[in-house]
Every structure is written in structure tokens, then in C-alpha cells.
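These notes concern the structure reproduced below.
What follows is calculated from the coordinates using simple rules that are stated; it is not laboratory data. Because the structure is a prediction, the values reported are computed rather than measured. FYI the Cβ positions are ideal-geometry reconstructions off the backbone, even for glycines, and counts take in every protein chain you see.
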Amino acid sequence: MNENANERKLQEQCIEMAAILGLDEPVPERTLRTALADPNYAHNLLVVRNETEYLTYLLDHPPPVAEKEGSDIPAATLVKRAARSLLKWAGTGFSTVSNETYERRINACNVCPNLRVPSSNQNALYSIAGAMNNKSVCGKCGCVVKVKARRGTDTCPDLHPFKTDLNRWEEQYLTE
Ligand code: SF4
């Protein structure tokens, strides 16, 4: 594949990634490269794709280490990885919950005694505007509850105060 074809493919992947994230404009090439080099970053983008504030923050602040790794990847390799990675994303698209479930979960978090103000030296995600000085982090697991409650694979780690075998999200309580 020549350089122009690779460039076109890369642009197509930027458009495809934007579509997955619900964006009208292609994502910057830098974002695509970073997401491909850092699965955690890719996963976080997917999880917060319906949360404009978080998504904008993550798009504007790709992890610097991953970006450095990604910048050395040849375009042809990147395109192959992109295809694989995008397929994987499509497969995990079901890992986010419905708005109804999200509302039930986040309402429980908002009145939970475990909710904490994040400490300043924790995950960069905490530095999202408005998250730093508010009670926004689960004291049981350290997750930003707005993001955690959206993940289909996540569970509340605390027992419901009076409903047997349920957690505070009123879902089955699972021990590790
Ligand atoms: S996830 Fe559960 S324990 Fe953590 S803040 Fe939310 S309701 Fe509380």
C-alpha cells in the first residue's frame, strides 16, 4: 500500500472512530494514534461517548506516553491495528448501560455515604472541570461514578443498607 493510500485509510479510520463516538467531525489523527497505542484510553473514550464533558476532555487530553508510542507506528501497521481495534470496539459497544439503568445507578451514587471528593494526586480523569472539588468519586473503588455508572461491566461494590443480596445500585451484589 503506498503512502497516499495509507493516508486515505487513516482518514477513513478517523471518520469511523468519530462515528462510533457520535461525533460529526473526524477525530484528529493524534487521537486515533493514541487510542490504538493505549487500549485504556480507547476504552475510556468508548465508555464516556455519551458524556459530552468527559469525552471532550479525553479528546483534548490524550495520554502523553501513549501518544509518544503511537507516533512511531508506521501508517500501514496503524491501519491494520485500526481495523482490528474498531471491530473490537463495536463488540464492546454493548458494555454501556441504558439511560434508565444509568439514572438509577447515578441517583444511588449521589446519595451514597461512600461518595468522596477526589484527591488531587489521583487519576487525570479527576481533573475534569467540576470534578475536582465535588463529591464525584466512589470511596469504595476509586472510580468517577459518572463514568462507572455508565459501564455495563461495572458493579457497585457496597451492599445495599437494607435489601438483602443487592448492592446500592439495587443489582445483585457480587463479591470479588
Ligand atoms: S458505586 Fe456504590 S458504593 Fe460507590 S458511590 Fe456508587 S452507590 Fe456508593
Open item on the list: Just to confirm a number: summing +1 for Lys and Arg and -1 for Asp and Glu over residues other than residue 116 whose beta-carbon lies under 14 angstrom from that of residue 116, what do you get?
Closed with: +3
Task: For residue 156, distant residues with modelled amide H under 5 Å away - done: 169
- [ ] Starting from the Cα of residue 164, step 7 Å along the direction of its Cβ; do the same at residue 103; then give the gap between the two resulting points in nm.
- [x] 3.1
